[in-house]
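In what follows, a structure is listed as structure tokens, so that the remarks can point back to it.
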Amino acid sequence: MSSGGKQGGFVSYQNVFVMRHGERLDNFEPSWVMTAARPWDPPLAEAGRKRAFETGRRLRESVGLPIGRVFVSPFLRCLQTAGELVASFSDEGRGGTVAGDGVAVKPFEVKVSVEYGLCEMMNSKAIRPNVAPKDGNMGFDVAVCEAMLPAEIVDKNVERVYKELPQWEESVLQAGARYQQLIKDLADKYPTENLLLVTHGEGVQVAVSSFKKDAEVNEVDYCGYVELRRPIFKKDHTFITGEFDLLTPSGQTGVSYSLPRSLENDTNQTTP
């Protein structure tokens, strides 16, 4: 978490990154679903693993601040994306080195937790009807999800916001409200730490539209992400939070969005 001064008191900033998973295997190999035991839960393609690792490295080198916690959707493609991201944060990650002023974080210094609320939209718009379980039961188990991550980075003691998956056939509006509230809830639980949320495309869209007035998201690429930031005031041992601002310009990190022309002009203005 970055910090700065404010007259008459202390203020620091909390940064929250919201990212989509990497490329999924069934988009590269459509026949995979024919023999898969869990066709609604594809793994990453090799291209997705590579993109996740490279995105994590760029994030580490460009942001220059430590990420204390990673929260991840229980879907396999998100778990694997999180694993690649955390590996890339390390000095030793696949032989990588820290460039410039990038801040390296050892994998075991990052705490990773599975959060059901970051899951895909639970409806047939997001999960293809021909592969979705007929009863809507995705069969996720937190212990199984955690076992797919390196044991040294998993925080088994975290209290999840969502104890189970949302009900099947939630509406798009319900899913949007879920993502928006969950971003705030997770940030409020850990106000002194920077967070990385690994989720799905709709979750990233909501991170933009909820915290950038009148923004309309055009595209969220695989491993596209945005950065939110808010001030945290500390007074009498109590944290008081400000409002989140969207820091990421359109198109810079794999997420493109548009604003009404008047807002675009205000955004592009510079102070003399």
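The values are calculated or read from the model by the stated rules, or taken from the named source; none is laboratory data. Everything quoted here is computed from the prediction, not taken from an experiment. Using ideal geometry, Cβ is built from the backbone for each residue, glycine included, and neighbour counts are taken over all protein chains shown. Please note that ligands, DNA and RNA were not included when accessible areas were found on the heavy atoms of the full protein model with its side chains. Shrake-Rupley method; radii C 1.70, N 1.55, O 1.52, S 1.80 Å.
Annotations
- Pairs linking a residue in region 223-235 that is on the phi > 0 side of the Ramachandran plot and touching a residue at least 24 places away in the same chain (Cβ under 8 Å) to a residue that is crowded, with 23+ Cβ neighbours inside 10 Å and of a type outside the set (S, T, Y), with Cβ atoms under 9 Å and 6 or more positions apart or on different chains, are C223/M19; C223/R20; C223/H21; C223/G22; C223/G48; C223/A52; C223/G56; C223/L85.
- Being within 21 Å of I67 (Cβ to Cβ), surrounded by fewer than 16 Cβ atoms within 10 Å (Cβ to Cβ) and in contact (Cβ under 8 Å) with a residue 12 or more places away in the chain is a description that does not apply to D214.
- If the condition is being hydrophobic (A, V, I, L, M, F, W, C) and open to solvent by 60 Å² or more (accessible area, probe 1.4 Å), then region 124-171 contributes A143, V144, A147, M148, A151, W168.
- Residue in region 223-230 that is touching a strand residue (DSSP E or B) at 6+ places or on another chain (Cβ under 8 Å) and open to solvent by 30 Å² or more (accessible area, probe 1.4 Å) present: yes
- Of all residues making up region 102-120, the number that are at pLDDT 95 or above and open to solvent by less than 10 Å² (accessible area, probe 1.4 Å): 7
- F71 vs. criteria among the aromatic types (F, W, Y), at pLDDT 95 or above, in contact with a Leu (Cβ under 8 Å, 6 or more places away or on another chain) and more than 17 Å from H200 (Cβ to Cβ): no
- Residues that are open to solvent by 20 Å² or more (accessible area, probe 1.4 Å), over 23 Å from E146 (Cβ atoms) and touching a helix residue (DSSP H, G or I) at 6+ places or on another chain (Cβ under 8 Å), drawn from region 19-49: F28, W32, V33
- Residue that is farthest from P231 (Cα to Cα), among those in region 179-193 that are in contact with a Gly (Cβ under 6 Å, 6 or more places away or on another chain) and open to solvent by less than 10 Å² (accessible area, probe 1.4 Å): Y179
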